[in-house]
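Trainee: This is the structure, below, for whatever I ask next.
The values are calculated or read from the model by the stated rules, or taken from the named source; none is laboratory data. A quick note: this is a predicted structure, and the numbers were derived from the prediction, not measured. Virtual Cβ from ideal backbone geometry, glycine too; neighbours counted across all protein chains shown. Just the protein is used for accessible areas: all its heavy atoms, side chains included, with ligands, DNA and RNA removed. Shrake-Rupley method; radii C 1.70, N 1.55, O 1.52, S 1.80 Å.
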Amino acid sequence: MNRRKRRTVIAGNWKMNMTPVEATAMIKELRPMIKGRRACDVVLCVPAIDIPAAVAAAKGSRIKIGAENVHFEEKGAFTGEISAKMLLSCGVEYVIIGHSERRQYFGETDATVNKRVLAALSAGLKVILCVGEVLEQRDLGITNEILAMQTKIALQGVSAEQLKNVIIAYEPVWAIGTGRVATPEQADEGNGVVRKTVEALYGHDAAEALTVQYGGSMNEKNAADLLAKYNVDGGLIGGASLVASKFAAIVAAAEK
Ligand code: 13P
C-alpha cells in the first residue's frame, strides 16, 4: 500500500451469513477492538436484511456499512431486487458490485456489472467493484487480459470524477473460500494490472489515487504480507470478516 497516494480500505463481505441479531453482536464486539488509529477505512458489507441493524450498531464508530449488490433500475417490477436509493435511505455508503459469486451463480455479466456501477455511482453510493480470473484462465495464461477486460467493461461511461468513488477489488476466484491465498507477488501483480488498465483510461494520477484491494482467503495471519505490497491498498475479506477478533487483527495489520 501507499498511504500518501491513496486510502487503505479494509472491507468485510459477510456473504449469506449473520442474522440481524448476530450482526449487532459482532459489530458491538468489533467496535472497541478497532478504536484509536484511523490509518485505514473500515467497511462491512452485509446482507440486505441486516442493514438496519448493522447501521444502528455501527453508529458513532468508524465502521461504514455496505451492501452486497444493487439493482440498476431505480424502481419497478423487479421482484426481490433492491435499488441504490433504498440502500442510501437506510444509511448504506458502499456497495459491492460484480462479485464472482454473483457472476458464477446468478448470471451476472460484465454488461450488467457496468449497469449496476453506473446506477450506484449516479445515486451517490461508493462502489467496490470485483474482478478476478478463474483457475482455468490463470492456467491458460490469460489472467491479465481477463482483468483488463472486466475492468474496462465495468467502467464504461464512468467519469473521472465518479472514479473517485470507486474501489476495485482483485479477487482471484481460485483463492476465494479455498484457503489458497494468492502469494503477495500474485496479489501485487493482479492489482497492478488493474491499476495499469485504469491508467490507460483515466491517466496516471487517477490510477495512483485508486484504492485496489486484494480478496481471497485473506486472514489475520497473511494480511500484513499482502498489504506490504505497493499495489495492495486493502482487502475484501469473506470468512475472516465474520469473526470480530480476526477482522480487527486485519485492520491492525493495515494500520502499521
Ligand atoms: P474469503 O475471504 O472467504 O476467501 O472470501 C473472499 C471474498 O470473496 C470477499 O469478497
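Trainee: Which members of the stretch 206-233 meet the condition of being in contact with a strand residue (DSSP E or B) (Cβ under 8 Å, 6 or more places away or on another chain) and outside any loop (DSSP other than H, G, I, E, B)?
Mentor: Val212, Gln213, Tyr214, Gly215, Ala223, Leu226, Leu227
Trainee: Okay, next question. Glu199: in contact with a helix residue (DSSP H, G or I) (Cβ under 9 Å, 6 or more places away or on another chain) and within 12 Å of the ligand (Cβ to nearest atom), yes or no?
Mentor: Judged against the criteria, Glu199 is not a match.
Trainee: Determine whether the stretch 173-193 contains at least one residue that is surrounded by 16 or more Cβ atoms within 10 Å (Cβ to Cβ), among the small types (Gly, Ala, Ser), closer than 14 Å to Ile128 by Cβ and within 11 Å of the ligand (Cβ to nearest atom).
Mentor: Among the residues of the stretch 173-193, not one is surrounded by 16 or more Cβ atoms within 10 Å (Cβ to Cβ), among the small types (Gly, Ala, Ser), closer than 14 Å to Ile128 by Cβ and within 11 Å of the ligand (Cβ to nearest atom), which makes the answer no.
Trainee: Among the residues of the stretch 73-107, write down those that are in contact with a strand residue (DSSP E or B) (Cβ under 6 Å, 6 or more places away or on another chain) and β-branched (Val, Ile, Thr).
Mentor: Val92, Val95, Ile96, Ile97 - these are the residues of the stretch 73-107 that are in contact with a strand residue (DSSP E or B) (Cβ under 6 Å, 6 or more places away or on another chain) and β-branched (Val, Ile, Thr).
Trainee: While we're here: When you scan the stretch 135-149, do you find a residue that is in contact with a Leu (Cβ under 9 Å, 6 or more places away or on another chain) and within 16 Å of the ligand (Cβ to nearest atom), even just one?
Mentor: no
Trainee: While we're on this one: Starting from residues that are more than 16 Å from the chain's Cα centre (by Cα) and surrounded by 15 or more Cβ atoms within 10 Å (Cβ to Cβ), keep the ones in the stretch 1-26 and report whichever is nearest to Ile250 (Cα to Cα).
Mentor: Step by step, filter the stretch 1-26, then rank; the result is Met26.
Trainee: With the structure loaded, tell me whether Leu236 is touching a Pro at 6+ places or on another chain (Cβ under 6 Å), open to solvent by less than 10 Å² (accessible area, probe 1.4 Å), farther than 16 Å from Arg4 by Cα and outside any loop (DSSP other than H, G, I, E, B) or whether it fails that test.
Mentor: Spelling it out, it is not the case that Leu236 is touching a Pro at 6+ places or on another chain (Cβ under 6 Å), open to solvent by less than 10 Å² (accessible area, probe 1.4 Å), farther than 16 Å from Arg4 by Cα and outside any loop (DSSP other than H, G, I, E, B).
Trainee: So how many residues does the stretch 38-63 have that are out of contact with any strand residue (DSSP E or B) (no Cβ under 7 Å at 6 or more places or on another chain) and either open to solvent by 40 Å² or more (accessible area, probe 1.4 Å) or at pLDDT below 95 (or both)?
Mentor: 6
Trainee: Taking the stated definitions as given, is Glu29 farther than 21 Å from Gly132 by Cα, under 19 Å from the mean Cα position of the chain (by Cα), surrounded by fewer than 20 Cβ atoms within 10 Å (Cβ to Cβ) and not polar (S, T, N, Q)?
Mentor: no
Trainee: Would you mind finding the one in Glu255, Glu171, Glu189 that is touching a His at 6+ places or on another chain (Cβ under 9 Å) and not hydrophobic (A, V, I, L, M, F, W, C)?
Mentor: Exactly one of Glu255, Glu171, Glu189 is touching a His at 6+ places or on another chain (Cβ under 9 Å) and not hydrophobic (A, V, I, L, M, F, W, C), namely Glu171.
Trainee: Within the stretch 219-233, which residues are open to solvent by 10 Å² or more (accessible area, probe 1.4 Å) and under 17 Å from the mean Cα position of the chain (by Cα)?
Mentor: Correct list: Asn219, Asn231.
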